[in-house]
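The values are calculated or read from the model by the stated rules, or taken from the named source; none is laboratory data. Since this is a predicted model, take the numbers as computed values, not measurements. Positions of Cβ are generated from backbone atoms using ideal geometry, with glycine treated the same way; all protein chains shown enter the neighbour counts. Only protein heavy atoms, including side chains, enter the accessible area calculation; ligands, DNA and RNA are left aside. Shrake-Rupley method; radii C 1.70, N 1.55, O 1.52, S 1.80 Å.
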Amino acid sequence: MFNRVKPIYLLVALLFFLLTGCSDNSTQGDLNDPDPQPPVDQPNDDPNPPGGSSATVITFAGTGERGTNDGPAAQATFNWPKNLLFDDQWNLYISDSSNDLIRKINTDGEVTTFAGTGERGHRDGPTAEAVFFHPNGIAFHPNGDMFVADRFNSRIRRISTDGEVTTYAGTGARFSIDGTAAAASFELPDGLVIDSDGNVYVADMDGNRIRKISPDLQVTTFAGSGEFGFAEGNGTEVSFRWPTCMAMDSSENIFISDTRNHMIRKLTLNGDVTVIAGNGERGYADGAALSAQFNDPACLAIADDGTIYVAESQGNRIRKISNTGVVTTVAGTGEQGFNDGPADEAMFDAPYGIIINENGNLLVSDLLNNRIRKIILSD
C-alpha cells in the first residue's frame, strides 16, 4: 500500500513546485523596489551639485593601523585621533586619545610625539615623562601654553612653552564642583576654548555644563543647569545633552556641539544660549539651519566669513552651516568606511576633529579610521 501512495505525494509536490515557481515574482520585485520614503539618514543632497564648487578628500596622515609610530605622515600611526589645533607656524597638533599622547605634524609632514609617554594615568613633569588618560580638547593660551582637557583624569592640564606639564584645574574626582582650580572637579571634560583674556572655557560633557576657569584660578559654571536635557535661556537656566567640542569666533562667541541634542548652540559673552542649527531630531537633512538634522555632531571649525564646518561623528559626514543659515553637506556618503576621492564618494568612520588650514582647506581627524584626512575645497 505504501508503494501505491508514494507516487501520489510526489505528484502533488511536483505540481506545487511548478505552480509557485511559475508565479509572478512580486515578492522579489518588492525587495528590489526603491523605498518611496527613504530613511532620513540617506543622502538627500549632492555634496557637489552641478555648477557648485567641487571638493576632494585625501589622506593627510596615518596608515589606518592603530599604533604610535612617528615619522613621515604616510607611515605614522594613530589610535583614535580626536581634536586638532594649529600653532602660528601651521604645525598641527592632535590629541591622540587612545594612545594617551599629544602628537605633532610639522609643515614638512613629519609626525612626532609632543607630550606623553603612552602610559595611561596621571603624572605631571616634562613632556617626555608626563602621563595622560584619553586627552581630548586642546587649545592655546594667549601666552603660548597649550591646555588639554584630560578627559578620563577629569582634569585640565597645561603644557608650558618650556615643555613642562602641570595640572591647571581639577582634583581628578568625577563631579561638577566649582571653587578654586585646585579644589574644583569636572565630569569628563571634552572641548576647550580660551579667550583673549586667558579665560579657559571647558565643555564638561558628563556634567552637561560649560565651565569657566578665570586667570585667578577660580572655576565657575558659565552655562548649564547640569540636567541632561534641552532648555534655552541664560547661564544656569540652560540645559545640554553632552556638550562636547567648542569653537570661538572673532567676537569671542562660543559655538558648542550639543551632541545628544543633535544641535549646534551659540553661547554669548553674557551667557545667552540659542540654537543656530539642528531641529533636535537625530538624522540627516540639509536645508534651513533650524530645520536641518544632525547625527551626533562633534568638532567645529569657523571660517573668517562666519561659515561653520561640522564633523558629524555618527553621520559620517562633514557638514557646513553658511553665514546665511543654510546647512549643506561638504563631504561623505554617510556610509561608515574609508574611501578617498571626490567629496560625494568619500567615506569616513566617525569623523571627530576638524580645523581650517592656511589655504582654507579642511583637516579632519577620522577617528575609527585612525587617519587625518584632508578636504581640498580650493586650489
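Hey, any hits in the range 101-114 for a residue that's over 17 Å from GLY62 (Cβ atoms), in contact (Cβ under 8 Å) with a residue 24 or more places away in the chain and not in a helix (DSSP H, G or I)? Scanning the range 101-114, I find no residue that is over 17 Å from GLY62 (Cβ atoms), in contact (Cβ under 8 Å) with a residue 24 or more places away in the chain and not in a helix (DSSP H, G or I), so the answer is no.
SER257: within 24 Å of ARG319 (Cα to Cα), surrounded by fewer than 16 Cβ atoms within 10 Å (Cβ to Cβ) and modelled with pLDDT of 95 or more, yes or no? Give the steps one after another, and end with the answer.
Details: within 24 Å of ARG319 (Cα to Cα): yes; surrounded by fewer than 16 Cβ atoms within 10 Å (Cβ to Cβ): no; modelled with pLDDT of 95 or more: yes.
Judged against the criteria, SER257 is not a match.
Selection of first residues in the range 352-379 that are of a type in the set (Lys, Arg) and of second residues that are in a strand (DSSP E or B) and open to solvent by 10 Å² or more (accessible area, probe 1.4 Å), restricted to Cβ pairs under 8 Å at least 6 apart or on distinct chains, gives the following pairs, ordered by first then second residue: ARG371/THR59; ARG371/PHE60; ARG373/ILE58; ARG373/THR59; ARG373/PHE60; LYS374/ILE58; LYS374/THR59; LYS374/PHE60.
Residue-wise test of (1) under 17 Å from THR244 (Cα atoms); (2) touching a residue at least 24 places away in the same chain (Cβ under 8 Å); (3) not in a strand (DSSP E or B).
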site	(1), (2), (3)
PHE152	yes, yes, yes
THR161	no, no, yes
THR167	no, yes, no
ASP190	yes, yes, no
TYR201	yes, yes, no
ASP206	yes, yes, yes
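For residues that are assigned to a loop (DSSP other than H, G, I, E, B) and either over 25 Å from the mean Cα position of the chain (by Cα) or of a type in the set (Phe, Trp, Tyr) (or both), tally how many sit in the range 174-184.
Total meeting the criteria: 6.
All of ALA169, ALA130 fail the test of being hydrophobic (A, V, I, L, M, F, W, C) and closer than 25 Å to ILE372 by Cα, apart from ALA130. Restricted to the range 272-364, the set of strands (runs of 3 or more DSSP E) holding at least 2 residues that are not hydrophobic (A, V, I, L, M, F, W, C) comprises 272-277, 308-312, 317-321, 326-331, 351-356. Taking the numbered list (1) touching a residue at least 24 places away in the same chain (Cβ under 8 Å); (2) outside any helix (DSSP H, G or I) in turn, PRO215 passes all entries but (1). Take the residues of the range 74-98 that are among the small types (Gly, Ala, Ser) and free of Cβ contacts under 8 Å to residues at least 40 places away in the same chain: which is least open to solvent (accessible area, probe 1.4 Å)? Here the residue is ALA76. Could you check the range 143-162 and list, in sequence order, the residues that are of a type in the set (Gly, Ala, Ser) and open to solvent by 20 Å² or more (accessible area, probe 1.4 Å)? Of everything in the range 143-162, those that are of a type in the set (Gly, Ala, Ser) and open to solvent by 20 Å² or more (accessible area, probe 1.4 Å) turn out to be GLY144, SER160.
Starting from residues that are aliphatic (A, V, I, L, M) and part of a loop (DSSP other than H, G, I, E, B), keep the ones in the range 115-142 and report whichever is surrounded by the fewest Cβ atoms within 10 Å (Cβ to Cβ). Spell out the reasoning first.
Step one: of the range 115-142, the residues aliphatic (A, V, I, L, M) are 115, 128, 130-131, 138-139.
Keeping just the survivors that are part of a loop (DSSP other than H, G, I, E, B) gives 128, 130.
Numbers: ALA128: 12, ALA130: 25.
Ranking the candidates gives ALA128 first.
Give the range 185-228 a look and list any residue that's more than 17 Å from the chain's Cα centre (by Cα), surrounded by fewer than 22 Cβ atoms within 10 Å (Cβ to Cβ) and on the phi > 0 side of the Ramachandran plot, or say none. Matches in the range 185-228: GLY198, LEU217, GLY226. The set of residues from the range 267-292 being in contact with a His (Cβ under 6 Å, 6 or more places away or on another chain) and open to solvent by 40 Å² or more (accessible area, probe 1.4 Å) comprises just one member, ARG282.
Filtered by the rule that a residue be open to solvent by less than 20 Å² (accessible area, probe 1.4 Å), under 12 Å from the mean Cα position of the chain (by Cα) and not β-branched (Val, Ile, Thr), the range 364-375 gives SER365, ASP366, LEU367. Number of residues in the range 218-254 that are in contact (Cβ under 8 Å) with a residue 40 or more places away in the chain and assigned to a helix (DSSP H, G or I): the value is 0.
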